[in-house]
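Engineer: Below is the structure I would like to discuss, written out as structure tokens.
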Amino acid sequence: MKISVFGLGYVGCVSLGCLASHGHQVIGVDVNEAKVNLINNGKPTVIEKDIDLLIKSHWEGERIRATTDFKEAIMKTEVSILCVGTPSTQEGHLNLTTIYQVGRQIGLALKEKEEFHTVVVRSTVLPGTNRKLGDLIEEESGKKRNQDFAVVSNPEFMREGSSVQDYLNPPFIAIGTDNKKAMGIMREMYQEINAPIEETSLETAELIKYVNNSFHALKIGFANEVGNICKKIGIDSHALMHLFCLDRQLNISPVYLKPGFAYGGSCLPKDLKALQTMAHDLYLTSPILNAISDSNENQKKQAIQLVLDKGVKKVGILGLSFKSGTDDLRSSPVVDLAEHLLGKGISLRIYDKNVNLSKLTGTNKQFIDQRIPHLSDLISDNLDDVIDGSELIIIAHKEPEFEYVTTKYPSKQFLDLVKTKQAASEDNYEGICW
């Protein structure tokens, strides 16, 4: 199939590579010329496991290219996938400006196109967005929905750090549609993926991501609160949660149920806030949903207080992005931790190979320069230098190279936020909630 992908961030870049790996001809579309140039030189726009190999391989095989020309992309493809950002407003509502701008662009292009076109909303949006997008396309194109084009909702369930594997091996594929022809096209697009396809309503497909991510956020906060209680009364929180997770019939999934540091990233905070705002707008009281972010902020305070209680002046941080395996700094709780410690007059050194690499290649440089320029100069590519120059080292990522640092540096103090594999019975080691 010939497919255009609008938006070349995490979801768009990964979709570009994975679709090409299944034999599709794919055109990436973005207003950011730097991202377009990266793709057109066989390079990904994000730091993510395996995506560099996919982009390079299929760019060389001439199945991947990118453009800033939305009209060209629409005219030369039969399916357009929307992966543009939907950030939160200050009030917690979604800023859908970009997705509606793209909808109008698609409408303008379809005005001159005779063939049926399928628009796939991959971005995370609230119920009702799909139908409004269809109205905008009708308005701009003069065409009729479900006659000349269709708008499908197809939410993604990818975790940064493992998004390629998540794309290729999803638990299921959710497709919200009101058009049988579009449903057949979607089945053809996904025929190489061995996963059940769940056909559902537009609104159900739009809401499922928020429910999923709100539940994931809840599980993390719950496990952290259990861990804090366990630490106070001398119980091994990981042994307890291991036992809890043996129940696969009721407790469902062990993936997020591990005591540790706060959650962050571009999905959980945003989607939880959106669901909270939706409940508020419906005049509903939702104490559990409202308590999750409070619990998450409390976990940040827990880490800050543990550091301050040590009375040290030089602190090293191993890992700055919101989770291991990615360079994404958006809503990273480690960034919040670092900024607070700086504000307390503590000298910081930071080691994160992915963030350092993305700073050098330019894939995340704009965010670093605009949002955290005061941390940029503190980031090092030398792990030993960071540890040598610090009294206390905070382990914020679960990386193999961090597994034995406590035994290699017995004179240093370590605070572990992620539960490294080591037994960690050393006197120089403490877990945040174990």
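Engineer: Heavy-atom accessible area of Asp281 with all protein chains present, probe 1.4 Å, nearest 10 Å²?
Structural biologist: Rounded to the nearest 10, the figure is 80 Å².
Engineer: Enumerate the calculated ³J(HN,Hα) couplings along the range 69-85 in order (Karplus 6.51 cos²θ - 1.76 cosθ + 1.60, θ = phi - 60°), each rounded to whole Hz, writing x wherever the residue is Gly or Pro.
Structural biologist: Computed from phi, the couplings for the range 69-85 are 8, 5, 5, 4, 5, 5, 5, 9, 9, 10, 9, 10, 9, 9, 10, 7, x Hz.
Engineer: A further question follows. Match the structure shown to one of the listed values [x] 33.7; [y] 23.1; [z] 22.0 of Kirkwood radius over Cα pairs in Å, computed from it, and give that label.
Structural biologist: [y]
Engineer: From the helices alone, meaning DSSP H stretches of at least four residues, give me the mean residue ellipticity at 222 nm for the chain, per-run term -39500 (n - 2.57), in deg cm²/dmol to the nearest 500.
Structural biologist: -14000 deg cm²/dmol
Engineer: If you don't mind, there's one more thing I want to ask. Tell me the relative contact order for the range 1-130 as a rounded percent, counting alpha carbon contacts under 8 Å between residues six or more apart.
Structural biologist: 27 percent
Engineer: Please give the contour-minus-distance gain from Asp385 to His340: 0.36 nm per residue of separation, less the Cα-Cα distance, rounded to one decimal in nm. If you can, show how the numbers build up before the last one.
Structural biologist: Values: separation 45, 0.36 × 45 = 16.20 nm, distance 2.25 nm.
Residue separation times 0.36 nm, minus the Cα-Cα distance, leaves 14.0 nm.
Engineer: Take the solvent-accessible surface of the protein heavy atoms, probe 1.4 Å, and return the percent of it on the range 118-162 that carbon and sulfur atoms account for.
Structural biologist: Answer for the range 118-162 is 41 percent, counting heavy atoms of protein chains only.
Engineer: Another question, if that's okay. Can you give me the solvent accessible area of Thr98 with a 1.4 Å probe, rounded to the nearest 10 Å²?
Structural biologist: 60 Å²
Engineer: Of the accessible area of the range 170-213, with the probe set at 1.4 angstrom, what percent is carbon plus sulfur?
Structural biologist: Details: 1050 of 2110 Å².
In the range 170-213, the share of accessible area belonging to carbon and sulfur is 50 percent.
Engineer: Ok, one more. Label-point separation (nm) for Lys310 and Ala34, each offset 7 Å from Cα along Cα-to-Cβ?
Structural biologist: Here the answer is 3.3 nm between the modelled labels.
Engineer: Further question: List the aspartates and glutamates whose alpha-carbon lies under 18 Å from that of Lys310, not counting same-chain residues fewer than 8 positions away?
Structural biologist: Candidates past the 8-residue exclusion: Glu339, Asp388, Glu391, Asp416, Glu426, Asp427, Glu430.
Engineer: Determine the alpha carbon to alpha carbon distance for each of Lys180/Lys209; Lys43/Lys76; Lys132/Lys353; Lys56/Lys365; Lys313/Lys353; Lys43/Lys273 and list only those over 32 Å.
Structural biologist: The pairs that break the limit, which is 32 Å between Cα atoms, are Lys132/Lys353; Lys43/Lys273.
Engineer: Now a separate question. Please compute the length gained on full extension between Asn194 and Asp294, using 0.36 nm multiplied by the number of residues separating them and subtracting their Cα-Cα distance.
Structural biologist: Value of the extension gain: 32.1 nm.
Engineer: With every protein chain present, what accessible area does Tyr351 have (1.4 Å probe, heavy atoms only), rounded to the nearest 10 Å²?
Structural biologist: Tyr351 has an accessible surface of roughly 20 Å² with all protein chains in place.
Engineer: Which net charge results for the neighbourhood of Ser201, defined as the other residues with beta-carbon distances under 12 angstrom from its beta-carbon, given Lys and Arg at +1 and Asp and Glu at -1?
Structural biologist: Residues close to Ser201 contribute a combined charge of -4.
Engineer: Using modelled backbone amide H atoms (1.01 Å from N, in-plane), which distant-in-sequence or interchain residues come within less than 5 Å of His117's amide H?
Structural biologist: So His117 has HN proximity to Phe149, Ala150.
Engineer: Could I ask something else about it? Can you list residues whose amide H is under 5 Å from Ile81's amide H, if they're 5+ apart or on another chain and H is modeled 1.01 Å from N?
Structural biologist: Ser4, Val5, Phe6, Val120
Engineer: Which of the peptides 372-379, 296-303, 413-420, 40-47 is most tightly packed, and how do the rest follow, judged by the mean count of other Cβ atoms within 10 Å per residue?
Structural biologist: 413-420, 40-47, 296-303, 372-379
Engineer: Quick check: at a probe of 1.4 Å, how many percent of the accessible area of the range 312-434 sits on carbon and sulfur atoms?
Structural biologist: Answer for the range 312-434: carbon and sulfur cover 47 percent of the accessible area.
Engineer: Given a 1.4 Å probe, how much area per residue of the range 160-283 is accessible, in Å²? Walk me through the numbers on the way to the answer.
Structural biologist: On the way: 6190 Å² over 124 residues.
Accessible surface, normalised per residue, equals 50 Å².
Engineer: Please compute the net charge surrounding Asn146, taking Lys and Arg as +1 and Asp and Glu as -1 over other residues with Cβ under 12 Å from its Cβ.
Structural biologist: That sum, taken over residues with Cβ under 12 Å, equals +3.
Engineer: If you rank Phe149, Phe215, Phe116 by how much accessible surface each has, with a 1.4 Å probe, what is the order from largest down?
Structural biologist: These residues rank, largest area first, as Phe215, Phe116, Phe149.
Engineer: Something else: Work out from phi, with θ = phi - 60° and the Karplus expression 6.51 cos²θ - 1.76 cosθ + 1.60, the ³J(HN,Hα) of each residue of the range 58-63, listed in order in whole Hz, and give x for Gly and Pro.
Structural biologist: 7, 5, 5, x, 6, 9
Engineer: Would you please classify the overall shape of the range 58-198 from the alpha carbon gyration tensor, given that a ≥ b ≥ c denote the square roots of the eigenvalues, rounded means a/c under 1.5, and beyond that prolate means a/b larger than b/c while oblate covers the rest?
Structural biologist: Rounded, because the longest to shortest axis ratio a/c is under 1.5.
Engineer: What order, most packed first, do the peptides 2-8, 220-226 have when packing is the mean number of other Cβ atoms within 10 Å of each residue?
Structural biologist: 2-8, 220-226
Engineer: Let me ask something additional. Before I look further, what does the range 318-414 give for accessible area per residue, probe 1.4 Å, in whole square angstrom?
Structural biologist: 44 Å²
Engineer: From Cα pairs below 8 angstrom and at least 6 apart in sequence, can you work out the relative contact order of the chain, rounded to a whole percent?
Structural biologist: Relative contact order, the chain: 12 percent.
Engineer: Let me ask something additional. Which whole-number value in Å² is the accessible area per residue of the range 1-64, probe 1.4 Å?
Structural biologist: Dividing the accessible area of the range 1-64 by its residue count gives 39 Å².
Engineer: Based on DSSP, what percent of beta bridges with both residues in the chain are antiparallel, to the nearest 5?
Structural biologist: 5 percent
Engineer: Using a Gaussian network for the chain with springs between C-alpha atoms less than 10 Å apart, which of these wobbles most: Ala66, Ala279, Ala239?
Structural biologist: Result for the chain, Cα springs under 10 Å: Ala239 fluctuates most.
The values are calculated or read from the model by the stated rules, or taken from the named source; none is laboratory data. Everything numeric here is computed off the predicted structure, so don't read it as measured data. With ideal geometry, Cβ positions are generated from the backbone for all residues, glycine too; neighbour counts draw on all protein chains shown. These area figures cover heavy atoms from the full protein model, side chains too; ligands, DNA and RNA do not enter into them. Shrake-Rupley method; radii C 1.70, N 1.55, O 1.52, S 1.80 Å.
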